[in-house]
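One structure is given here, and the rest of the page talks about it.
The values are calculated or read from the model by the stated rules, or taken from the named source; none is laboratory data. Quick caveat, the model's predicted, so the values are computed rather than measured. For neighbour counting, all protein chains shown are included, and Cβ atoms are generated from backbone atoms with ideal geometry for every residue, glycine included.
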Amino acid sequence: MRLVSTRNAGNTVGALEGVLKGIADDGGLFVPETFPQISRECIEEIGGMTYAQAAARVLGFYFEMDPEELLAMTTAAYENFDDARVTPMKKLGKREFVLELFHGPTLAFKDMALQLLPRLMGAALAENGGKEDVLILTATSGDTGKAALEGFKDVPRTKIAVFYPEEGVSSMQKLQMVTQGGENTYVCAVRGNFDDAQTGVKQVFADPQMAEKVREKGYVFSSANSINFGRLAPQIVYYIYAYARLVRAGEVRMGDEVNITVPTGNFGNILAAYYAKRMGLPVAKLICASNKNNVLTDFFDSGRYVTNRMFFKTMSPSMDILISSNLERLLFEVTERNAKYIEELMQTLKNEGQYSMDGSYQRLMAEEFYADFADDVRTMRTIRRIYKNYGYLMDPHTAVAQTVYEDYMTRTGDRKPSITVSTASPFKFVQDVLFAVNGERIEDPFDAAIKLSAVTGIPLPAQIASLKDAPVRFADCVDKDGLSDVILHML
Ligand SMILES: *Cc1c(COP(=O)(O)O)cnc(C)c1O
């Protein structure tokens, strides 16, 4: 499958090459040239597969690789998950399911893609035969960083540098990153919020002199952020797999539509659900759930994307984002791939911090998407209520989605089967979850985790327990304009 740029549909690359490049030369994002169609027979087959088999099957539509090689990759990527089903589902209401995507090594859904991405890059390096190694630069709102570090740790021919907002991640997220092992890893704080960290990384990517200096040292840049098609493609898999499993379990009739609710930040995860729908998966509404940084809610309501607004720190920090990079891919589809128009919108966003969509496009989007948000108070109440009513413990990101889904149902009466995506383990945001469950405030993340485990009877995840005595390896902190220096120093 070829990939095309959202800013110039004539600019195409092979899928693996696109994974290696990360972003198109014209600044656009790579998207598939067409959406392969998945038949009912295929969905039925997938329902009987293991996750690794399903992943190889779906990814085979996009990556022209030897099926055996692809299966070996997906098998290796998902064998370290702490649940053999990889993405288990929990049933809450009669037709309501929670799709758990946090059983990987870093306890957040980013592992679903980032355990596989380094392997895809390895295949891409072998394919392109270039001499340079890859230098991964990543800005993180907390979960991407750790997942990328784990994915790329000690992978031959790669180095990885992760930049996180100094005050913008949970204490457990920070601990996970600064104690990261591996010979090829580097972690650094950036003064400011996630958008500052992301801007800093984008500046480095856009600086030709920097690219030249890095090349002299034998590296080419790439990105592990969700703008990379190699992040997006693996995320399509679990939507198809979840549907196929529900059909097989007799919970959904083949062909019946489901609603999918996704807690959203950079618009990557929900975009993957949209891609699954475009591939033919029977999906009705895609419900886009935000926290108080509700720039996407306003966008779907008004057609105006406005980033000049207050930034809030919330208890769902992985969604504390004002610039949702992947939205560009949706706009590309909604405008029937009008690359010129997208280019203009993105220029306006860059220069003026906002843009407006034509009203007809807004109506098209409203047919497919429903968007709303939940603030911390309501999120906290949802965690408590769901735990009380179902004995089920949600992390704050998942609880944002649950709250928005319940509002949607109340407002519309839509009772189609529903999949709510759970993106993180509650132990990753442990102080807030503990407070929600029993009103107790414990600042130390380990003490809080031990208490949460005692209160709920849920075992402390090994991924957390192992951090307790891990030494801190990274203490650097820079301004957003200072990334180039530390990167060159690292090399
Ligand atoms: C990254 C992340 C999100 C947001 O996902 P996007 O793909 O950026 O929309 C939601 N929840 C958690 C726990 C995350 O780590």
Open item on the list: Please determine whether any residue of segment 216-226 is polar (S, T, N, Q), within 13 Å of the ligand (Cβ to nearest atom) and touching a residue at least 24 places away in the same chain (Cβ under 8 Å).
Closed with: yes
Task: Matching entry among ASP414, ASP376, ASP444 (being within 16 Å of the ligand (Cβ to nearest atom) and either touching a helix residue (DSSP H, G or I) at 6+ places or on another chain (Cβ under 7 Å) or at negative phi (or both)) - done: ASP376
- [ ] Quick one: count up the residues across segment 176-202 that are farther than 23 Å from VAL155 by Cβ and touching a helix residue (DSSP H, G or I) at 6+ places or on another chain (Cβ under 7 Å).
- [x] 2
TODO: Consider only pairs whose beta carbons are under 7 Å apart and that are at least six residues apart or on different chains; among these, list those whose first residue lies in segment 339-359 and is closer than 15 Å to SER5 by Cβ and whose second residue is in a helix (DSSP H, G or I).
DONE: ILE342/GLU328; ILE342/LEU331; ILE342/PHE332; LEU345/LEU331; MET346/GLU328
Open item on the list: If I filter segment 252-285 down to residues being under 16 Å from the mean Cα position of the chain (by Cα) and more than 9 Å from the ligand (Cβ to nearest atom), which single residue comes out as farthest from GLU44 (Cα to Cα)?
Closed with: THR261
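Tell me, please, whether a residue that is closer than 21 Å to CYS288 by Cα, of a type in the set (Val, Ile, Thr) and touching a Lys or Arg at 6+ places or on another chain (Cβ under 8 Å) can be found in segment 336-345. Break it down into steps so the answer makes sense when it comes.
In the first step, residues of segment 336-345 are kept if they are closer than 21 Å to CYS288 by Cα; the result is none.
The answer is no; no qualifying residue exists.
Those residues that are assigned to a loop (DSSP other than H, G, I, E, B) and within 16 Å of the ligand (Cβ to nearest atom), I need them from segment 417-441; list them, please.
THR423, SER425
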TODO: Within segment 430-455, track down each residue that is among the hydrophobic types (A, V, I, L, M, F, W, C) and either surrounded by fewer than 17 Cβ atoms within 10 Å (Cβ to Cβ) or closer than 15 Å to TYR387 by Cα (or both).
DONE: VAL430, VAL433, LEU434, PHE435, ALA436, VAL437, ILE442, LEU452, ALA454, VAL455
Open item on the list: Under 9 Å between Cβ atoms, which residue pairs at least 6 apart in sequence (or on different chains) link something in segment 17-28 that is closer than 15 Å to TYR62 by Cα with a partner that is modelled with pLDDT of 90 or more and assigned to a loop (DSSP other than H, G, I, E, B)?
Closed with: GLY18/ALA24; GLY18/ASN228; VAL19/PHE63; VAL19/ASN228
Task: Filter result (in contact with a helix residue (DSSP H, G or I) (Cβ under 8 Å, 6 or more places away or on another chain) and within 20 Å of ALA139 (Cα to Cα)) within segment 212-226 - done: VAL214, VAL220, PHE221, SER222, SER223, ALA224, ASN225, SER226
- [ ] Determine whether LEU92 is of a type in the set (A, V, I, L, M) and assigned by TED's automatic domain parsing to the domain that holds ALA276.
- [x] yes
Task: Identity of the residue in segment 243-261, surrounded by 24 or more Cβ atoms within 10 Å (Cβ to Cβ) and in contact with a Leu (Cβ under 7 Å, 6 or more places away or on another chain), that ends up farthest from SER422 (Cα to Cα) - done: TYR243
Open item on the list: I need the full set of residues from segment 1-11 which are part of a strand (DSSP E or B) and crowded, with 16+ Cβ neighbours inside 10 Å, in order please.
Closed with: LEU3, VAL4, SER5, ASN8, ALA9, ASN11
